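The structure under discussion appears below in the form of structure tokens.
Bear in mind that the values in this text are calculations on the coordinates, not laboratory data. Predicted model, so just to flag it, every value in this text is computed and none were measured. Don't worry about glycine lacking a Cβ; one is built from the backbone with ideal geometry, like all the others, and counts go over all protein chains shown.
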Amino acid sequence: MTAWAITIEKLLPYDAGVRLQTALVNARIADTIPDTLLFLEHTSVITLGVRAQDSHVLLSSADLQQRQI
């Protein structure tokens with residue numbers, strides 16, 4: 001069985017990582033690539049649940065922007 005392991009060595013913006021993963025999933029579904037394992041690091045993000053409020057984020061907008069979050 002053939003499989004790919006892809007390593008991205010540079011830090012990716014989160015949205016670029018998601019687009020890459022989506023493209024690989026679509027290619028796999030179309031059976032144009034083999035099973036693929038993707039290693040990458042994306043920029044920092046904050047994940048909030050559906051009941052989250054802005055007050056739950058303890059850093060200011062300026063601090064988040066400075067940290068590129």
Just to confirm the number: angle between the C-alpha axis of helix 14-29 and the first principal axis of the chain, 0 to 90 degrees, nearest 10? 30
For the chain, what is the relative contact order in percent, using Cα pairs closer than 8 Å and at least 6 residues apart in sequence? 40
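Let me have the 222 nm mean residue ellipticity of the chain computed from DSSP H runs of 4+ only, each contributing -39500 (n - 2.57), with the sum over all residues rounded to the nearest 500.
-9500 deg cm²/dmol
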Plugging the Kirkwood radius over Cα pairs into Stokes-Einstein for the chain, at a temperature of 25 °C and a viscosity of 0.890 mPa s, what D comes out in µm²/s? 168
By per-residue mean of other Cβ atoms within 10 Å, what is the highest-first order of 37-50, 20-33? 20-33, 37-50
Point-to-point label distance, Ile69-Lys10, nm (Cα→Cβ direction, 7 Å offset): 2.5
For a label point 7 Å from the Cα of Val57 along Cα→C-beta, name the residues of region 1-26 whose backbone N is under 16 Å from it. 14-15
